[in-house]
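Have a look at the structure below before the remarks.
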Amino acid sequence: MKAVIFDLDGVLVSTDELHYQAWLQIARSEGISFDRTLNDRLRGVSRMQSLEIILERAGHGYAQKEKEALARQKNGIYRTLLGMLTPDALLPGAREILCTLRKRGIKTAIGSSSKNAPLILQQLQIETLFDAVSDGNGLQHSKPHPEVFLRAAEYLREQPQDCLVVEDAEAGIQAAKAAGMQAAALGSARTCPKADYRLDRLMDLLTFFPMCNNKETSATDWLG
Ligand code: BG6
Ligand code: MG
């Protein structure tokens with residue numbers, strides 16, 4: 001394996017919770033019931049597709065213009081929440097795993113459906129820890145379509161079979177497999193039968209990439 005492609009929301013950072021909070025406000029304003037089980041179906045899929053899934057529970061149809069307004073409203077709420085994001089929102093082990101993989105000669109990339117990924121990476125101050133970023137901007141198809149991961153491999157100049165994807169979404173695991181990549185599942189994606197590996201925590205990834213020299217040792221180096 002030459003590269004690891006990380007999903008962002010729910011894998012490296014707890015922004016999945018912020019998506020949930022923002023959608024909850026929209027659903028409430030429309031009188032639609034919304035819970036964490038439904039929220040799990042929104043993981044990995046685009047903003048508009050997420051809205052379509054929520055609106056399945058509405059008692060009536062929505063015009064395209066109304067849907068666009070709701071999606072815009074949700075993004076406004078979400079971006080306000082993102083404004084408060086600090087490097088502390090990184091999930092346990094995220095910075096360490098990225099630094100260690102790079103030290104071990106493994107390339108790292110983002111493979112996210114989010115159009116807000118550049119803002120999130122900036123807020124977290126981790127832009128320099130990736131060799132490539134493939135996000136929702138300019139994407140034709142959302143996960144489970146493999147486009148976002150194939151584009152990441154292309155940016156990395158690696159073959160799909162040399163890439164490992166880390167995902168918390170079932171749609172993401174399906175996308176990785178459709179791209180011909182290996183797929184490691186975290187969180188709710190662990191129940192996905194297509195996953196090649198199931199991780200309890202991000203740091204478990206390191207067992208796939210043994211240390212390549214004696215120089216790389218200190219835990220404090222990870223923070224550099
Ligand atoms: C994914 C999230 O990373 O990005 C989805 O898991 C979200 O829940 C999608 O809908 C799109 O995000 P954004 O930031 O472009 O609305
Ligand atoms: Mg995710």
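Throughout, read-outs are computed from the coordinates displayed, never taken from laboratory work. Keep in mind the model is a prediction, meaning the values are calculated, not measured. Counting neighbours? That spans all protein chains shown, and the Cβs are built from the backbone with ideal geometry, glycine included.
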Q) So in the chain, what percent of DSSP beta bridges are antiparallel if you round to the nearest 5? A) 5 percent
Q | Principal semi-axes in Å for the stretch 16-82 [√(5λ), Cα gyration tensor, largest first] | A | 16, 14, 11
Q. Roughly how compact is the stretch 1-150, stated as its Cα Rg over 2.2 N^0.38 Å to two decimals?
A. 1.10
Q.
Need one number for the stretch 93-179: average projected area of the convex hull over its C-alpha atoms, nm².
A. 5.4 nm²
Q) Say each of residue 14 and residue 102 gets a label point 7 Å from the Cα, pointing the same way as Cα to Cβ; how far apart are those two points in nm? A) 2.5 nm
**Q.** Cα-based helix-to-principal-axis angle, 147-156 vs the chain, degrees rounded to 10
**A.** 30 degrees
Q | Choice from 207, 15, 108 with maximal GNM fluctuation in the chain (Cα, 10 Å cutoff) | A | 207
Q. Given the C-alpha centroids of the stretch 80-123 and the stretch 151-208, what is the distance between them in whole angstrom?
A. 16 Å
Q. Considering only DSSP states other than H, G, I, E and B, which GluC sites (Glu not before Pro) in the stretch 31-85 qualify as loop sites with at most 15 other Cβ atoms within 10 Å?
A. 56
Q: For the stretch 133-197, just say rounded, prolate or oblate: build the C-alpha gyration tensor, square-root its eigenvalues into a ≥ b ≥ c, call rounded for a/c under 1.5, and beyond that prolate if a/b exceeds b/c, oblate if not.
A: oblate
Q. Can you give the relative contact order of the stretch 1-121 as a percent, counting alpha carbon pairs under 8 Å and 6+ residues apart?
A. 47 percent
**Q.** Cα coordinate range in the stretch 38-127, projected on the principal axes (Å, largest first)
**A.** 54, 23, 19
Q: Identify which of 44, 180, 111 has the largest mean-square fluctuation in a Gaussian network model of the chain, with springs joining Cα atoms closer than 10 Å.
A: 180
Q: Mind checking the stretch 120-164 for chymotrypsin sites (Phe, Trp or Tyr not before Pro) that DSSP puts in a loop (not H, G, I, E or B) and that have at most 12 other Cβ atoms within 10 Å?
A: none
Q.
Give me the dipole magnitude in Debye, nearest 20, for the chain about the Cα centre, with unit charges on the beta carbon: positive for Lys and Arg, negative for Asp and Glu.
A. 180 debye
